[in-house]
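To keep things clear, I will list the structure first and then write my remarks on it.
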Amino acid sequence: MKKILFALILTSLLLTACGANMPNEVAAKDFWARAGMKDGNSAAYMLIQNGTDADDDLIGAVSDAAQAVELHLSQMKADGTMEMLQQQSIALPAGKAVELKPGSYHVMLIGLTRDLKAGDEISLTLKFKNREDITLTIPVKDAAGMGGSGMDGHMP
C-alpha cells in the first residue's frame, strides 16, 4: 500500500512539475518597436505563442504612442515592389507560434504621438478574439541592421 501511495504522490508531483512547463496560454516574447519620428509611422514586432489547445486570433491592438494602430501584412508584389495590406485579424493556431517581423505580419503604429528613440519604451495592448488582452511594455530599437524593407517611413 505504501508503494502505491508513494507512486501516486510521485506521479502527481511529476505531472504538476511538467504542467508548469507546458505552455497553456497565449504569450508574446521577443517584442520590439521600430524607432520613428512624431507624426510618422512605426511598427511593432514580436513572437506570439498560442500554447493552448484552441485556435485564436489577434484582432487588434492599441497604444498611446500612435493615433491609430492596425494589423498589417507586408508582401512582395509580382512587379517586385512591397505592399502593405491591412488585416482584420492574424490567425494564431493552437499550439503554434506566429512571428510578427519586418517584411511580414506586424503591428503598424500610425501617426506617432511622440518621437520614438532607441532606448525608449511604449505600451502596446494586444486584443484577441477568445481571451483577455495582453499589455506589453515594448522597447524601441533602431531599425538599422534589423531587417525589413527600408521603405521611406513605412518600414514595416
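Read the figures in this text as sums done on the coordinates, not as results from a lab. Since we're looking at a predicted model, the values are computed, not measured. Heads up, the Cβs are rebuilt from the backbone with ideal geometry, glycines too, and the neighbour counts pull from every protein chain shown.
Amide H contacts for Asp115 (H built 1.01 Å from N in the peptide plane; partners 5 or more residues away or on another chain; cut-off under 5 Å): Lys38.
Out of region 29-94, which chymotrypsin sites (Phe, Trp or Tyr not before Pro) are coil in DSSP terms and have no more than 13 other C-beta atoms within 10 Å?
Numbers: sites: Phe31, Trp32, Tyr45; in loops: none.
Filter output for region 29-94: empty list.
Using every pair of distinct Cα positions in region 69-138, the Kirkwood expression returns a hydrodynamic radius of 14.2 angstrom.
Dividing the Cα radius of gyration of region 23-141 by its Kirkwood radius returns 0.97 for Rg/Rh. Computed from phi, the 3J(HN,Hα) profile of region 64-81 under the Karplus parametrisation 6.51, -1.76, 1.60 (θ = phi - 60°) reads 7, 7, 9, 6, 9, 10, 9, 8, 10, 10, 8, 8, 7, 7, 4, 7, x, 9 Hz, with x in place of Gly and Pro.
Of the trypsin sites (Lys or Arg not before Pro) found in region 57-120, those that fall in a DSSP loop while having at most 11 other beta-carbon atoms within 10 Å are Lys77.
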